[in-house]
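To start, the structure under review is shown below, and the notes come after it.
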Amino acid sequence: MRNSKLMNIILISCFMIAVSFSIYFYIQSKAFQSKITDATSKEQVPTYHFALIGEEMDHDYWRLVGEGAKDMEEKYDVFIEYEGPRRSNPEEQLKLLDIAMKSKVDGIIVQALNDEFLPVINQAVDQGIPVITIDTDAPESKRSTYIGTDNYEAGKLAGKALLEDTGGEATVGIITGSFENAHHQLRVEGFRDVVEQEPGIDIVAVEESNITRVVAEEKTHNMLSDYPDITALYGTSALDGIGMVAAAESLGIEESLYMIAFDVLPANIALLEEGKVDVLIGQKPYEMGNRSVELMLDLMNNQEVQDVYHTNASVVRKEDIDD
Ligand code: BGC
């Protein structure tokens, strides 16, 4: 009798232990399964892979373009591979374009700096990869659309600001990013078309800054020394204003010069606030990046897109800074 009671206790204990183990392992296996599901969903490859190729990674303007595009990854099923040379280097940029094409991304968004980009863009399109140009267009290429500033109109805005602020009387020097780059050519052309109609305006020199602050300063310094009668400077690239101011300061003539520069970036805003630059031509780099991705997704979904999408360009003076 005593033996059978003991036996029952042992059997019940074994049963309880077995049930506890089953429950424990069931819970553990569920936890493991959910970890796997979590991991695989996080590592899921997005449906679309686009390459964005800009002019220089180490630059506030291009950081904004990149941010605008990368932020779209949160909203859409897309991965943006953002690449560019560290400093402006069209050859390297072309190589990145070639690599993007060869790695068969779903779409390419590229700044088409000059004529050399045209055949590579066409080659990508012929291979079935749609291309969108950003910031600088290649309208003769097979690209699907362009998103960015109307660079000719932006040049005209600068010209109109100069006429307004100088009363149509000025001897002008121009510093442009590059003679080869399409957008800088248009910014100079638009400016010229407005100011050259005015008899009191004389453009006496045009030099290129190579998209660097140092060269902008050097070229401005030489220009101001060669043409001491210059009263106004116009810079077409984001770093030209900083170089122009530095050169004028080293000659001690910054107070008397009127200056127009490009891009509402922190360093340029500081110059505007200090009254060293009179006008900035503002562009929308974040919006360019953002909308370029949406346009590429439209192309993926066989939706029609326009030939060009112009983002806003504006004249910014000291009193507009808070806006
Ligand atoms: C231009 C960009 C250029 C940047 C840096 C901007 O004004 O739109 O194309 O890369 O300046 O110089």
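Using the structure shown, decide if Val206 is over 20 Å from Asn89 (Cα atoms) and in a strand (DSSP E or B).
yes
Looking only at the stretch 81-117, count every residue that is within 25 Å of Tyr48 (Cα to Cα), open to solvent by less than 50 Å² (accessible area, probe 1.4 Å) and either in a helix (DSSP H, G or I) or basic (Lys, Arg) (or both) and tell me the total.
8
Taking the stretch 224-238 as the search range and keeping residues that are within 18 Å of Gly177 (Cα to Cα) and either among the small types (Gly, Ala, Ser) or at pLDDT below 95 (or both), which one is farthest from the ligand (Cβ to nearest atom)?
That would be Ala232.
With respect to the numbered conditions (1) surrounded by fewer than 22 Cβ atoms within 10 Å (Cβ to Cβ); (2) out of contact with any helix residue (DSSP H, G or I) (no Cβ under 9 Å at 6 or more places or on another chain), which one is the sole condition not fulfilled by Tyr146?
(1)
Among (1) more than 17 Å from Leu257 (Cβ to Cβ); (2) open to solvent by less than 70 Å² (accessible area, probe 1.4 Å), there is one condition Arg192 misses while meeting the rest; what is its number?
(2)
Given the conditions (1) under 30 Å from Ile108 (Cβ atoms); (2) open to solvent by 50 Å² or more (accessible area, probe 1.4 Å), and given that Ser292 satisfies all but one, which numbered condition is not satisfied?
(2)
Does Leu272 meet the test of being in a helix (DSSP H, G or I), open to solvent by less than 50 Å² (accessible area, probe 1.4 Å), within 18 Å of Thr166 (Cα to Cα) and not aromatic (Phe, Trp, Tyr)?
Taking the combined requirement at face value, the residue satisfies it.
Tell me which of these Gly241 doesn't satisfy, since it passes every other one: (1) farther than 15 Å from Asp60 by Cα; (2) over 18 Å from the mean Cα position of the chain (by Cα); (3) within 12 Å of the ligand (Cβ to nearest atom).
Against the list (1) farther than 15 Å from Asp60 by Cα; (2) over 18 Å from the mean Cα position of the chain (by Cα); (3) within 12 Å of the ligand (Cβ to nearest atom), Gly241 comes up short only on (1).
Given the conditions (1) at pLDDT 95 or above; (2) surrounded by 17 or more Cβ atoms within 10 Å (Cβ to Cβ), report the number of the one that Glu254 does not fulfil.
Looking at each condition in turn, Glu254 falls short on (1).
Could you tell me whether any residue of the stretch 232-243 is touching a Leu at 6+ places or on another chain (Cβ under 9 Å), open to solvent by 10 Å² or more (accessible area, probe 1.4 Å), in a helix (DSSP H, G or I) and closer than 24 Å to Gly190 by Cβ?
Within the stretch 232-243, one or more residues are touching a Leu at 6+ places or on another chain (Cβ under 9 Å), open to solvent by 10 Å² or more (accessible area, probe 1.4 Å), in a helix (DSSP H, G or I) and closer than 24 Å to Gly190 by Cβ.
How many residues does the stretch 154-167 contain that are farther than 19 Å from Gly241 by Cβ and either of a type in the set (Asp, Glu) or in a helix (DSSP H, G or I) (or both)?
1
Being buried (at least 19 other Cβ atoms within 10 Å of the Cβ) and either away from the ligand (no atom under 16 Å from the Cβ) or of a type outside the set (A, V, I, L, M, F, W, C) (or both) is the filter here; which residues of the stretch 130-143 pass it?
Across the stretch 130-143, the qualifying residues are Pro130, Val131, Thr133, Asp135, Thr136, Asp137, Ser141, Arg143.
Among the residues of the stretch 61-79, which ones are within 9 Å of the chain's Cα centre (by Cα), over 19 Å from Ala100 (Cα atoms), more than 9 Å from the ligand (Cβ to nearest atom) and of a type outside the set (A, V, I, L, M, F, W, C)?
Arg63, Glu67, Gly68
Residues being away from the ligand (no atom under 12 Å from the Cβ) and either open to solvent by 60 Å² or more (accessible area, probe 1.4 Å) or assigned to a strand (DSSP E or B) (or both): count how many of those fall in the stretch 168-184.
Looking only at that region, the number is 8.
Using the structure shown, decide if Glu207 is free of Cβ contacts under 8 Å to residues at least 40 places away in the same chain, within 16 Å of the ligand (Cβ to nearest atom) and of a type in the set (D, E, K, R).
For Glu207, the condition - free of Cβ contacts under 8 Å to residues at least 40 places away in the same chain, within 16 Å of the ligand (Cβ to nearest atom) and of a type in the set (D, E, K, R) - is met.
How many of the residues making up the stretch 273-304 are assigned by TED's automatic domain parsing to the domain that holds Ser144, away from the ligand (no atom under 16 Å from the Cβ) and out of contact with any Gly (no Cβ under 6 Å at 6 or more places or on another chain)?
11
Name the pairs: first residue in the stretch 162-191 and touching a residue at least 12 places away in the same chain (Cβ under 8 Å) and of a type in the set (Phe, Trp, Tyr), second residue more than 12 Å from the ligand (Cβ to nearest atom) and assigned to a helix (DSSP H, G or I), Cβ to Cβ under 6 Å, at least 6 apart or on different chains?
Correct list of pairs: Phe191/Gly159.
The values are calculated or read from the model by the stated rules, or taken from the named source; none is laboratory data. Because the structure is predicted, anything quoted here is derived from the model rather than measured. Note: ideal-geometry Cβ built from the backbone for every residue, glycine included; neighbour counts use all protein chains shown. What goes into the accessible areas is simple: the full protein's heavy atoms, side chains included, and nothing from ligands, DNA or RNA. Shrake-Rupley method; radii C 1.70, N 1.55, O 1.52, S 1.80 Å.
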